[in-house]
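Report on the following structure.
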Amino acid sequence: DDWDDWRRKNQTFAAVAIYRSFRGSVVGTDQPVRATITLAPPDLFAVIRPRMAWGRPFTAAEVTDRIPVVMLSEALWRRMGGEGRPAGWRLTVDGVDREVVGAVASGQTFPAEAEAWVPYRHQQLGGAVRNNVNWLAVGRLADGVSTAGATEDLARVAAGIRATDPAGLYSWGVGVRSLHDTLTGDSRPTLILLQGAALLVLLIACANLASASLARGLVRTREVAIRIAIGAGRGQVIRQIVGEHLLLAGAGGIVGAGVAWLVVRTAVFASASQLPRADEVSLDPR
């Protein structure tokens, strides 16, 4: 089928994998939990290279030998009581008893909605399955290869498919798109506009505050002159003025951080379905 041709004949990918997700049940010691389960060959983790919160990805040998194992997302792992469990604990995943071998750290899951991964062994069947389009593919480009180069490479493979099987679907061309653009591309203009608006508001606030401080300083010119005349050193006067501004900046920073936290949480809640990885949006020291 198309996938086998892409996998075997490409010259631009360091690793490639197919996957498919479905809704199923995960049962531990408590009530069953509905979760998104992904059928994944071990190559998927060579492509994604996720950071693990616990354990490891399943191996090619486990897939070949059809050993019933499962990986969980960190959120589902914690929900199922995985913390503190010894290696080898088991869950029933969609009716199959499986050993839990690892938990993928939050923010590292792929596909984004996946909560559990079970091994899948791809077998080439040939025939009509070339037009059986029910899987997704992902790859890691080899060093120095661009998406344009990969598109050209897979177009070459597609031309070969068309020459041998003109009725094959997806034999007329292949498009390659970066995972970053796939996840965030449609949101990038909106986020840039939002960032620009935030910077503009910040500049306006800074300009207003600077103008107010300058006006207040002009009003206090007489006061400063009198203080110097009766013996106050210039250093004392400067320290007082700087201290007043630092106090104002500190109070404003605290209030601003509180308002920012509230606005961020409200915006994330309101746009969670449109904003990729919205659950990871938060304030940090930077």
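The values are calculated or read from the model by the stated rules, or taken from the named source; none is laboratory data. Keep in mind it's a predicted model, so treat the numbers as computed, not measured. Ideal geometry is used to build each Cβ from the backbone, glycine not excepted, and the neighbour counts take in all protein chains shown. Areas reflect the complete protein model, heavy atoms only, side chains present, ligands, DNA and RNA absent. Shrake-Rupley method; radii C 1.70, N 1.55, O 1.52, S 1.80 Å.
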- Counting only residues that are small (G, A, S) and surrounded by 11 or more Cβ atoms within 10 Å (Cβ to Cβ), which one in region 172-209 is farthest from A148 (Cα to Cα)? A205
- Query: Which members of region 91-118 meet the condition of being more than 16 Å from A35 (Cα to Cα) and part of a strand (DSSP E or B)?
  - Reply: E99, V101, G102
- Message: Within region 65-81, take every residue that is outside any strand (DSSP E or B) and under 18 Å from P41 (Cβ atoms) and give me the one that is most open to solvent (accessible area, probe 1.4 Å).
- Response: R66
- Item | Residues satisfying the stated conditions in region 180-199, i.e. at pLDDT 85 or above and of a type outside the set (S, T, N, Q) | I192, L193, G196, A197, A198, L199
- Being part of a helix (DSSP H, G or I), in contact (Cβ under 8 Å) with a residue 60 or more places away in the chain and farther than 26 Å from A167 by Cβ is the filter here, so list the residues in region 1-57 that pass it. L44, A46, V47, I48
